[in-house]
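To start, the structure under review is shown below, and the notes come after it.
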């Protein structure tokens, strides 16, 4: 992989797998208050339905992604749970019309997770961008699309940790029902 162009910024399926598992398993997603997209270096966008249940096993996940690339949507029959199409990040953001776009990068302005999320909770349609690559930084071309670039740790964190912290903080500060646990039937 090191010999490939932009090797540092190429995403790895294992990083994407962990980020998706973290995001899709949250109460925020279960309440359908989360939309998840994966943008690739080749300008493809994978749309992920909130009710998708991804395989926990990485090998099964890669098989699912291979199927996705072959058929452009999975499952092949019934309701589409994952779909891939050619689309730039700029076009995706234009289509989604986010009210504010914040990206996470160690090169961004230092902040805390709580301070990053606080203004986004009141936004109508915020978007948060987390890079799913092993090292390196967002390209100068895409950083122009963001309203802010922030860092929640000076040393940098794994992408799946960033996703978990951001979503947890958003749940704490949002209108997600506080008594969600009391609403479940007792065993």
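The values are calculated or read from the model by the stated rules, or taken from the named source; none is laboratory data. Note that the structure is a prediction, hence the values are computed from the model and not measured. Every residue, glycine among them, receives a Cβ derived from its backbone with ideal geometry; neighbour counts consider all protein chains shown.
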Discussion item. If a residue must be under 16 Å from the mean Cα position of the chain (by Cα), part of a strand (DSSP E or B) and modelled with pLDDT of 95 or more, how many such residues does the range 37-80 contain?
Written reply: 7
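Among 34, 28, which is the only one that is in contact (Cβ under 8 Å) with a residue 40 or more places away in the chain, part of a helix (DSSP H, G or I), surrounded by 15 or more Cβ atoms within 10 Å (Cβ to Cβ) and touching a helix residue (DSSP H, G or I) at 6+ places or on another chain (Cβ under 6 Å)? Please lay out each step first, then the result.
Numbers: 34 fails: part of a helix (DSSP H, G or I).
Exactly one of 34, 28 is in contact (Cβ under 8 Å) with a residue 40 or more places away in the chain, part of a helix (DSSP H, G or I), surrounded by 15 or more Cβ atoms within 10 Å (Cβ to Cβ) and touching a helix residue (DSSP H, G or I) at 6+ places or on another chain (Cβ under 6 Å), namely 28.
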Item to complete: Find the helices (runs of 4 or more DSSP H) located wholly in the range 81-187 whose residues include 2 or more that are in contact with a strand residue (DSSP E or B) (Cβ under 9 Å, 6 or more places away or on another chain) and either surrounded by 16 or more Cβ atoms within 10 Å (Cβ to Cβ) or modelled with pLDDT of 95 or more (or both), and list them.
Response: 89-96, 113-121, 159-173
Discussion item. Could you go through the range 117-131 and let me know if any residue there is at negative phi and without any contact (Cβ under 8 Å) to a residue 24 or more places away in the chain.
Written reply: yes
